[in-house]
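Enquirer: Starting off with a structure, shown below.
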Amino acid sequence: MVDIVAGPDSYRDLSRLLAVTNYGENAINVQLSLDETYGDIQPVRENPQTKQAYVSIMRGCENMCTYCVVPLTRGKERSRPIDSILEEIRILSDQGFKQVTLLGQNVNSYRDKSESTISMIHATSTVTGFKTVYKPKSGGRTFDVLLDKVSEIDKDMRIRFTSPHPKDFPMEVIQLIKERNNICNQIHLPAQSGDNKTLDAMGRGYTVETYLNLVDQFKKEIPNIALTSDFISGFCSESEEGHQKTIDLIQKVGYSFCFVFPYSMREKTKAHYRLIDNVPEDVKRRRHQELKATFREQSLKFNQNLIGTEQVLLIETLSTKRSETAIGGRTDNGVKTIFEPGTNNYAVGDYVKTIITSATSQTLQAKIL
Ligand code: SF4
C-alpha cells in the first residue's frame, strides 16, 4: 500500500502531500520543475570517514540522445546559482574536505542566469565540428567562470567535475586545468561509440573524427591528462564493423578507464519510438566483454606509464582489501593507489608524496618519498 508518490522536484510540496494523507487520501506529485536547482539546500554530510564531497551544480539535460531517458526524467537544464555553490564549497573547505566533485548531467552547459549574474554576456559556443539540438543560449555565467571561482576557494582542495558532453567543452576549461594545480588532470569525455553511423543514430552530434580532434587538442595542452569515457555495446543496428571501430577508438585514445554497458532500450526514448533494438542479447554481451577487455589493456598501459613517476596521493581509506597495513589513496589523475605507511601516522584527507613502483589495470602501488 503506497500513500504518497513524490517525484524528485516535489520536496517543497511534502507537507501538503502529508496533509492530504491525513484525510485518508493518496497523494501524488511527480511534476518536474522548470527551475528547481536545490540551490538553497545545504546537504548534511554525516560520514566523518570521508573528506570528499559531491556538489550538484545543475540539473536536467536538453541534448536528447536517442537512447537516454534523463531529459524525460530530470527535465530541462537549470543551473544552480553560482553564489550558492561557492558558499557550499567554502563550508566544505572549513570542515576540512579535500576534494569536491562538481556534478551535473551536462556540466559544461552550466549557465547561471540568476539575478546577480544576468548581465554577463556569454553566448552558446559549440566546439568546431559538433552539432547541437539546443536553441542558442546567452547571458549568465558559464562553467569556466564557475570552475575558476571554485578553484580559488581553497588551493589544497582538489576539484573534479562530471559529466561534460564533448560537443560544448570550452577550451577555457582546458586552460584552467592546465594552470590550476588543484583542478585534477582528468576528464570524463563520454564517447558512447566509435562508429559514425551509430553516433548518428544515437543523436550525439559529432563524428568520431571531431571527437578525436578534441582529444588531440586536450593532449596537446596537457600531455599527461587522463581521459575516461562511457561506451554502449550493441546499440540499435550496430554492425560488427561498427563495434570494431569502437574498439579502435578505445585503443587510439588510450583511456585510463571506461564505463561500458550493453544497450538496454528505455521506454519513451526516441530510440524506443524510432529504432529497433535488433542486436541479439548474446552479441551485445560478447561485444560488451570485448570493449571491457580492450579498455583494460589500455588502462594497464596508462598505469604502467606512471611507474617511476612522483605522484601526490590524497588518502581515501586507511584499510585496503590487499593488505592489513596498506593505505589507499588516489593520484591527481584519478588512479587508485596503495602504499605501506611504515611508522608514519596518516589520516583520511592527508596528502602524501610517493613514487609509483608497479601497476595493474586497476591499481597502482607506490612508496612514500
Ligand atoms: S546521455 Fe547525457 S547528454 Fe545525452 S541526453 Fe542523456 S544526460 Fe543528456
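The values are calculated or read from the model by the stated rules, or taken from the named source; none is laboratory data. Bear in mind the structure is a predicted one, so any value in this text is a computation, not a measurement. Glycine also receives a Cβ, built like all others from the backbone with ideal geometry; neighbour counts cover every protein chain displayed. With ligands, DNA and RNA removed, areas are computed over all heavy atoms of the protein, side chains included. Shrake-Rupley method; radii C 1.70, N 1.55, O 1.52, S 1.80 Å.
Enquirer: In the range 140-179, which residues are under 28 Å from residue 350 (Cα atoms) and within 16 Å of the ligand (Cβ to nearest atom)?
Expert: Passing the criteria: 161, 162, 163.
Enquirer: I need the full set of residues from the range 322-347 which are open to solvent by less than 50 Å² (accessible area, probe 1.4 Å) and over 22 Å from residue 188 (Cβ atoms), in order please.
Expert: Scanning the range 322-347 gives 323, 326, 327, 338, 339, 341, 347.
Enquirer: Filter the range 84-110 down to the residues that are more than 15 Å from the ligand (Cβ to nearest atom) and over 16 Å from residue 52 (Cβ atoms), then identify the one that is most open to solvent (accessible area, probe 1.4 Å).
Expert: Among those residues, the one meeting the criterion is 90.
Enquirer: Turning to a different aspect of this structure: I need the full set of residues from the range 202-235 which are in contact with a Lys or Arg (Cβ under 8 Å, 6 or more places away or on another chain) and polar (S, T, N, Q), in order please.
Expert: 233 - this is the single residue of the range 202-235 that is in contact with a Lys or Arg (Cβ under 8 Å, 6 or more places away or on another chain) and polar (S, T, N, Q).
Enquirer: What pairs can you find where one residue is in the range 167-187 and among the charged types (D, E, K, R), the other is part of a helix (DSSP H, G or I), and their Cβ atoms are less than 8 Å apart, with a gap of 6+ or different chains?
Expert: 168/108; 168/109; 172/144; 178/221; 180/151
Enquirer: Among the residues of the range 111-129 satisfying the criterion of being at pLDDT 70 or above, open to solvent by 20 Å² or more (accessible area, probe 1.4 Å) and of a type outside the set (Ser, Thr, Tyr), which is nearest to residue 205 (Cα to Cα)?
Expert: Step by step, filter the range 111-129, then rank; the result is 129.
Enquirer: Please give the number of the condition residue 66 fails out of (1) at pLDDT below 90; (2) more than 23 Å from residue 182 (Cα to Cα).
Expert: Here residue 66 meets the rest and fails (1).
Enquirer: Further question on the same structure: Within the set of pairs 6 or more residues apart or between chains, which connect a residue that is in the same structural domain as residue 69 (by TED's automatic domain parsing) and closer than 10 Å to residue 253 by Cβ inside the range 203-215 to a residue that is among the aromatic types (Phe, Trp, Tyr) and part of a loop (DSSP other than H, G, I, E, B) with Cβ atoms less than 9 Å apart?
Expert: 211/130
Enquirer: Are there any pairs with C-beta distances below 9 angstrom linking a residue in the range 282-303 that is among the hydrophobic types (A, V, I, L, M, F, W, C) to a residue that is assigned to a helix (DSSP H, G or I), with the two at least 6 apart or on different chains, and if so which?
Expert: Correct list of pairs: 283/240; 283/243; 291/243; 291/246; 291/247; 291/250; 295/250.
Enquirer: Considering (1) touching a Gly at 6+ places or on another chain (Cβ under 9 Å); (2) free of Cβ contacts under 8 Å to residues at least 12 places away in the same chain; (3) acidic (Asp, Glu), say which one residue 324 fails and leave the rest.
Expert: Exception for residue 324: condition (1).
Enquirer: Select, from 10, 15, the only residue that is of a type in the set (Ser, Thr, Tyr), open to solvent by less than 30 Å² (accessible area, probe 1.4 Å) and modelled with pLDDT under 85.
Expert: Step by step, each of 10, 15 is checked, and only 10 is of a type in the set (Ser, Thr, Tyr), open to solvent by less than 30 Å² (accessible area, probe 1.4 Å) and modelled with pLDDT under 85.
Enquirer: When you scan the range 309-332, do you find a residue that is modelled with pLDDT of 95 or more, part of a loop (DSSP other than H, G, I, E, B) and small (Gly, Ala, Ser), even just one?
Expert: no
Enquirer: Checking residue 350 against (1) in contact with a Gly (Cβ under 8 Å, 6 or more places away or on another chain); (2) open to solvent by 30 Å² or more (accessible area, probe 1.4 Å), which test does it fail?
Expert: For residue 350, the failing item is (1).
Enquirer: State all residues of the range 60-70 that are in contact with a Gly (Cβ under 7 Å, 6 or more places away or on another chain) and either within 8 Å of the ligand (Cβ to nearest atom) or closer than 23 Å to residue 113 by Cα (or both); if no residue qualifies, say none.
Expert: Scanning the range 60-70 gives 60, 64, 65.
Enquirer: Quick one: how many residues across the range 267-315 are in contact with a helix residue (DSSP H, G or I) (Cβ under 8 Å, 6 or more places away or on another chain) and among the aromatic types (Phe, Trp, Tyr)?
Expert: Count: 1.
Enquirer: Among the candidates 358, 319, which residue alone is without any contact (Cβ under 8 Å) to a residue 40 or more places away in the chain and loosely packed, with under 15 Cβ neighbours inside 10 Å?
Expert: Just a single option satisfies the conditions, and that option is 319.
Enquirer: So the check is Cβ under 6 Å with 6+ separation or different chains; which pairs have a first residue in the range 70-88 that's more than 23 Å from residue 44 (Cα to Cα) and modelled with pLDDT of 90 or more and a second one that's among the basic types (Lys, Arg) and away from the ligand (no atom under 16 Å from the Cβ)?
Expert: Within 6 Å, no pair qualifies.
Enquirer: For the condition more than 30 Å from residue 238 (Cβ to Cβ) and under 17 Å from the mean Cα position of the chain (by Cα), what is the one hit in 153, 177?
Expert: Going through 153, 177 in turn, the sole match is 177.
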